[in-house]
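Derivation of every value follows stated rules applied to the coordinates shown; laboratory data play no part. None of the values given here were measured: they were computed from a predicted structure. Positions of Cβ are generated from backbone atoms using ideal geometry, with glycine treated the same way; all protein chains shown enter the neighbour counts.
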DNA sequence: CCGACAGCCCAACATT
DNA sequence: AATGTTGGGCTG
């Protein structure tokens, strides 16, 4: 720590083995930090690329410490070490694939506080004063905790993160420093390029692939997308008991494997292959040669499904071995999940639109076929999305038959993913709720689970969820419906009578996709609130979370910290409550307006 | 500058 | 007032 005038010692809450070293000049402090950095083969930071290491380097220059004396190498967007490997966990945890597939979306904002809370259940030391006003002991405590959290993010769960990085290195053939910073498209590029070189193949230029194979032939449903994607089945609204959810095992990678897809084989030059058409497209696939992507993605898929996944569940293996298999299968899953998308991404060096398009087309065909077959053998299909079918009360035999049929006819693995005791569908796609046998509740897409909605509505929604978890049979529903009506009514009255506890409970929370000034086409509500904050001198940028409430007067929103209770637009909130709950109430045969006591007549007055 | 994809829902905004 | 567009949050 740097000795400074007027800084008090403070009271130490640190454990006795912590040693504090004081320096009387910043230069000496920095030189000592550098000495320590030289000693370590790995240095882990959280945002060290953009802050810690960069800052140290620049401070060092101020004191005339020469570049040769510093252990830090300055890159354009990275800071590396001359001896040792610097891993910036901020970059690693920021990676969408890591966030979603490796950590199941447990953290949302990529901050040390958020990620630590989510993954290791620990928090930063909270401080009320500006850093400069802390006593030495407070500062020491604060910094030490940050260091501990950062380290523990790599050590928790048997060093999961370090193992994951190591496995990804081995698959992608990239150095740890790169693999921990770059996105999944770079991993896949590196992996495919390596195999090209190993087989002594030419690596095509990006523009040559596009020139020869061309663009896409199908029309996307969503404006602005390049090609047609997945199918979503119109749900059968209502409550359904005993719903089996079947899905294809890693559908897209399986298609790439089974259908021999790759930039070489789709629209190949052989006239005799032109009859080997891909359903729903004018494209054909080669019948003579194997595509490298198909081979490699297929091999990865098989390794995961047939070796690593079963080994990770094999109870006869020692714990640490099983754990290692688990890490590997998770790492392969991350790569497989992205392996189709990259072919449709312009930024990918083996970008090949017809390959992506063919994969999606075959997926539609496969799902359609399964639905058709299910109906043929007498099963009602309630819903389906991309790779799944929701079957109403099927028998064991029917399920077995469907799975066998898929294996034989489509060469595609179909499995029972889960069974819902009952499921609730509205008429909306990607919006449903399922209660599993053990009482866990899956909520998909419903407004009630979205993170931007006010706490007061979310809490009511969660109460309803808990109540629904207790329903075992259709007879149970009668009482549950009454209880749910009461939950909705309570929340309605709390709003109508302005009896909320805190204003924060009414706040919507929306992330800025851009810096406020960049919104030129429209001004969404959270941007309006953001601009009010900016007027107060708050600096805002993309990624910042804006919390605002809805008020009566123009512009109808206010940042929560600037608002008062009496200006709240209660009717807006009631409207929101209504639309949130109606997604479920509809299916239960309940009516929002009746619940809150409006008779049909009153509603028309 | 940042970089896997498409489809769906909702609310608010902008335009006709 | 009706209709299309934008932006965010979600599913898969």
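Structure values in brief
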read-out	value
Identity of the residue in region A:468-479, crowded, with 17+ Cβ neighbours inside 10 Å and within 33 Å of the chain's Cα centre (by Cα), that ends up farthest from residue A:432 (Cα to Cα)	A:471
Among (1) in a helix (DSSP H, G or I); (2) surrounded by fewer than 17 Cβ atoms within 10 Å (Cβ to Cβ); (3) touching a residue at least 12 places away in the same chain (Cβ under 8 Å), the one test that residue A:93 misses	(2)
Strands (runs of 3 or more DSSP E) contained entirely in region A:417-532, each with at least 3 residues that are closer than 30 Å to residue A:242 by Cβ	A:432-436, A:441-444
Tally, over region A:449-467, of residues that are within 16 Å of DNA strand B (Cβ to nearest atom) and surrounded by fewer than 18 Cβ atoms within 10 Å (Cβ to Cβ)	4
Test for residue A:513: is it within 15 Å of DNA strand B (Cβ to nearest atom) and within 20 Å of residue A:588 (Cβ to Cβ)	no
Residue within region A:402-413 that is in a strand (DSSP E or B), away from DNA strand C (no atom under 14 Å from the Cβ) and farther than 25 Å from residue A:337 by Cβ present	no
Helices (runs of 4 or more DSSP H) completely within region A:113-226 that count 1 or more residues being more than 27 Å from the chain's Cα centre (by Cα) and closer than 30 Å to residue A:298 by Cβ	A:184-198, A:206-213
Test: residue in region A:320-338 that is more than 16 Å from DNA strand C (Cβ to nearest atom), under 24 Å from residue A:188 (Cα atoms) and in a loop (DSSP other than H, G, I, E, B)	no
Candidates A:331, A:358, filtered to the one that is under 29 Å from residue A:310 (Cα atoms), touching a residue at least 24 places away in the same chain (Cβ under 8 Å) and buried (at least 20 other Cβ atoms within 10 Å of the Cβ)	A:331
Residue ID - surrounded by the fewest Cβ atoms within 10 Å (Cβ to Cβ), chosen from residues in region A:549-576 that are within 11 Å of DNA strand B (Cβ to nearest atom) and within 30 Å of the chain's Cα centre (by Cα)	A:575
Unmet criterion (only one of (1) in contact with a helix residue (DSSP H, G or I) (Cβ under 9 Å, 6 or more places away or on another chain); (2) within 16 Å of DNA strand B (Cβ to nearest atom); (3) touching a residue at least 60 places away in the same chain (Cβ under 8 Å)) for residue A:178	(3)
Residue that is nearest to residue A:546 (Cα to Cα) [pool: residues in region A:490-502 that are away from DNA strand B (no atom under 16 Å from the Cβ) and buried (at least 16 other Cβ atoms within 10 Å of the Cβ)]	A:500
Failed item in (1) in a loop (DSSP other than H, G, I, E, B); (2) within 24 Å of residue A:189 (Cα to Cα), with residue A:288 passing the rest	(2)
Test: residue in region A:558-576 that is over 30 Å from residue A:444 (Cβ atoms), touching a strand residue (DSSP E or B) at 6+ places or on another chain (Cβ under 6 Å), assigned to a helix (DSSP H, G or I) and within 16 Å of DNA strand C (Cβ to nearest atom)	no
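For every residue, the table says whether it meets (1) within 30 Å of residue A:383 (Cβ to Cβ); (2) without any contact (Cβ under 8 Å) to a residue 12 or more places away in the chain; (3) within 15 Å of DNA strand B (Cβ to nearest atom); (4) crowded, with 16+ Cβ neighbours inside 10 Å.
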site	(1), (2), (3), (4)
A:270	no, no, no, no
A:304	yes, no, no, yes
A:320	no, no, no, no
A:349	no, no, yes, yes
